[in-house]
Amino acid sequence: MLYGSKRETYRQVFLESWRAYREGRPLEGVRARLVAVILRHPEYHGLLADAERGLEQDFPPEQGRSNPYMHMSLHVGLVELLALGQPAGIVDLFDEARRRLGENAAEHLFVDCLGEMMWQAQRAGRAPDMVALLACVRHGLGVPETAGCGDQKHWDGE
């Protein structure tokens, strides 16, 4: 099993992937995707370089900062959803978000919505609602709910 149920096991995958990258070892599969996300988040490099701190540090919401492992995991989840093209329409919506906001802001809009979707699902004890994910992103873009992802006249506000 790649990801365990314990926090340390889960974090270890990030730490080991980052160490392998820094040592020039080959990366495959999810480890390559993790490193691609880590590279776009230099603010977490110090944490990941210090394995002891990386395993032990807590990130309570009261501190006002997000959990870097959760944040990066949501980015990896977005990559997976886009690769699968699921839910239907996500690729077109992501392309539109990139066009409007730029790559980084588009990714973070999706990541914020993914985080909200996961929190709502966990809170309600149900499966994540992918329709709610797309609705959240559309709301963030100011796109009407009725707009189809490929319907250009809706994207341009007509």
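So the values come out like this:
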item: Hits in the range 78-90 (condition: farther than 21 Å from residue 20 by Cβ and surrounded by 13 or more Cβ atoms within 10 Å (Cβ to Cβ)); result: 78, 81, 82, 87, 89, 90
item: Qualifying residue in the range 132-140 (condition: over 16 Å from the mean Cα position of the chain (by Cα), of a type outside the set (Ser, Thr, Tyr), exposed (fewer than 11 other Cβ atoms within 10 Å of the Cβ) and outside the structural domain of residue 10 (by TED's automatic domain parsing)); result: no
item: Filter result for the condition that a residue is without any contact (Cβ under 8 Å) to a residue 40 or more places away in the chain and either closer than 15 Å to residue 38 by Cα or under 16 Å from the mean Cα position of the chain (by Cα) (or both), over 87, 68, 61; result: 68
item: Subset of the range 19-34 (residues that are part of a helix (DSSP H, G or I) and farther than 23 Å from residue 52 by Cβ); result: 29, 30, 32, 33
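The values are calculated or read from the model by the stated rules, or taken from the named source; none is laboratory data. Owing to the predicted nature of the structure, the values given are computational and were not obtained by experimental measurement. Here Cβ is always computed from backbone atoms with ideal geometry, including for glycine, and neighbour counts include all displayed protein chains.
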